[in-house]
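In what follows, a structure is listed as structure tokens, so that the remarks can point back to it.
The values are calculated or read from the model by the stated rules, or taken from the named source; none is laboratory data. Being a predicted model, the structure only gives us computed values, none of them experimental. As a convention, Cβ positions derive from the backbone with ideal geometry for all residues, glycine included, and neighbour counts pool all protein chains shown.
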Ligand code: SF4
């Protein structure tokens with residue numbers, strides 16, 4: 001289990017989280033107007049594959065690999081038409097390439113057999129694709145304008161703990177707390193705001209509270 005940031009919330013007294021969530025979203029949206037998914041894709045199939053490949057690596061790395069990948073493989077059938085070793089080679093730079101190739105081929109097979117070659121819209125159908133866990137299904141649904149939950153990655157986990165939006169460490173339980181707190185209209189953009197804030201200001205080791213628009217009155221972990 002990665003480090004927990006729950007204890008940092010003991011520093012400052014702030015209003016209850018239900019009163020803070022609106023101003024937090026507004027201030028982060030003003031600070032990070034450019035916050036959006038960092039993966040490059042042009043259609044739902046490319047979106048699904050990019051998110052599947054992003055496990056255990058950076059978005060920059062995925063984009064580097066998919067630039068060539070999507071020029072070569074355009075339809076689900078294309079991923080099954082080559083020997084698995086060739087696909088593994090094409091995914092090599094994303095890490096865990098054997099497992100990723102296996103999952104990709106399984107997902108493409110199911111998309112062809114059950115969904116007429118199209119990435120399904122329904123959340124449950126996405127979850128049944130081999131290699132697609134809740135986080136992947138959440139990202140894909142949110143980017144298609146149909147958010148069914150809130151994506152929890154390492155940044156969302158850390159910031160939700162520091163902002164005392166959750167006391168949980170487990171991503172599924174954190175998501176459960178967040179969907180009760182965050183208005184549904186903000187489910188898709190909320191993780192992007194936390195991710196960008198987590199990369200730029202509320203970094204893991206030494207958060208830059210002096211530059212943070214939440215530092216006064218909104219964040220119980222503030223160091224100023
Ligand atoms: S950077 Fe902002 S959100 Fe992070 S701990 Fe400091 S005040 Fe809180």
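In table form, for the structure just shown:
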item: Matching entry among 162, 157, 199, 134 (being surrounded by fewer than 20 Cβ atoms within 10 Å (Cβ to Cβ) and in the same structural domain as residue 17 (by TED's automatic domain parsing)); result: 199
item: Candidates 13, 68, 18, filtered to the one that is surrounded by fewer than 17 Cβ atoms within 10 Å (Cβ to Cβ) and in a loop (DSSP other than H, G, I, E, B); result: 13
item: 1 or more residues more than 16 Å from the ligand (Cβ to nearest atom): qualifying helices (runs of 4 or more DSSP H) within the stretch 125-220; result: 134-143, 171-181, 189-200
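Let's see how each residue does on (1) crowded, with 18+ Cβ neighbours inside 10 Å; (2) assigned to a loop (DSSP other than H, G, I, E, B):
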residue: 4; (1), (2): no, yes
residue: 28; (1), (2): yes, no
residue: 36; (1), (2): no, yes
residue: 39; (1), (2): yes, yes
residue: 50; (1), (2): yes, no
